[in-house]
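A short write-up of the structure that comes next.
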């Protein structure tokens, strides 16, 4: 069974957690390049920790699973311009799509307080996959360093929904 088929097999778990599974599918399809690049069942590039202001990597001390160093393209501001640069980062590893879904759900509950309560409304949910402070100001895009990531996800939600060439679509 390929990773996309395994993803679809375990996706009902997310429906049981109240998510619009089409939104989860949309995000993961974008993040993995049509499910072509899925290292260790990490369907949305979930990192273990993050880079500090000093440029060093700081692992999440609460993560008990395995991790791997991978190269990824990250947008960083250089002289007021966003520049895509390759960076090595520490990514979480999962044993199955179900393990990934459980960690994803736990992370969304904490990091996305505006999106989480509306997780059943796919477009709203995808549009708010960023972290806000208590005044509603965006303080961290969390899933992606590219500006406009969440807007792009909302657009892809309809595009992917209209895409009928996937055999597994009826099960989502």
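Could you figure out which of (1) in a loop (DSSP other than H, G, I, E, B); (2) surrounded by fewer than 19 Cβ atoms within 10 Å (Cβ to Cβ); (3) modelled with pLDDT of 95 or more isn't true of residue 19?
Every listed condition holds for residue 19 apart from (2).
Quick grid of which residues meet (1) farther than 19 Å from residue 149 by Cα; (2) surrounded by fewer than 19 Cβ atoms within 10 Å (Cβ to Cβ); (3) without any contact (Cβ under 8 Å) to a residue 40 or more places away in the chain:
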residue: 1; (1), (2), (3): yes, yes, yes
residue: 4; (1), (2), (3): yes, no, no
residue: 14; (1), (2), (3): yes, no, no
residue: 27; (1), (2), (3): no, no, no
residue: 34; (1), (2), (3): no, yes, yes
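Could you list all residues from region 23-40 that are under 16 Å from residue 1 (Cα atoms) and in contact with a helix residue (DSSP H, G or I) (Cβ under 6 Å, 6 or more places away or on another chain)?
35, 38
So for region 36-51 (the condition being within 24 Å of residue 154 (Cβ to Cβ) and part of a helix (DSSP H, G or I)), does at least one residue qualify? Talk me through it step by step, then tell me what you get.
Our first condition is that a residue be within 24 Å of residue 154 (Cβ to Cβ); within region 36-51, this holds for 36-38, 42-47.
Filter again for part of a helix (DSSP H, G or I), leaving none.
No, region 36-51 contains no residue that is within 24 Å of residue 154 (Cβ to Cβ) and part of a helix (DSSP H, G or I).
Going through 135, 79, 161 one at a time, which residue ends up being loosely packed, with under 13 Cβ neighbours inside 10 Å and at pLDDT 70 or above?
Details: 135 fails: at pLDDT 70 or above; 161 fails: loosely packed, with under 13 Cβ neighbours inside 10 Å.
Testing whether each residue is loosely packed, with under 13 Cβ neighbours inside 10 Å and at pLDDT 70 or above leaves just 79.
Of the residues 49, 73, which single one is surrounded by 13 or more Cβ atoms within 10 Å (Cβ to Cβ) and within 17 Å of the chain's Cα centre (by Cα)? Outline the logic, then answer.
Details: 73 fails: surrounded by 13 or more Cβ atoms within 10 Å (Cβ to Cβ).
After ruling out the rest, the residue left standing is 49.
The values are calculated or read from the model by the stated rules, or taken from the named source; none is laboratory data. This is a predicted model, so every value here is computed, not measured. So basically every Cβ, Gly included, is an ideal-geometry build from the backbone, and we count neighbours across all protein chains shown.
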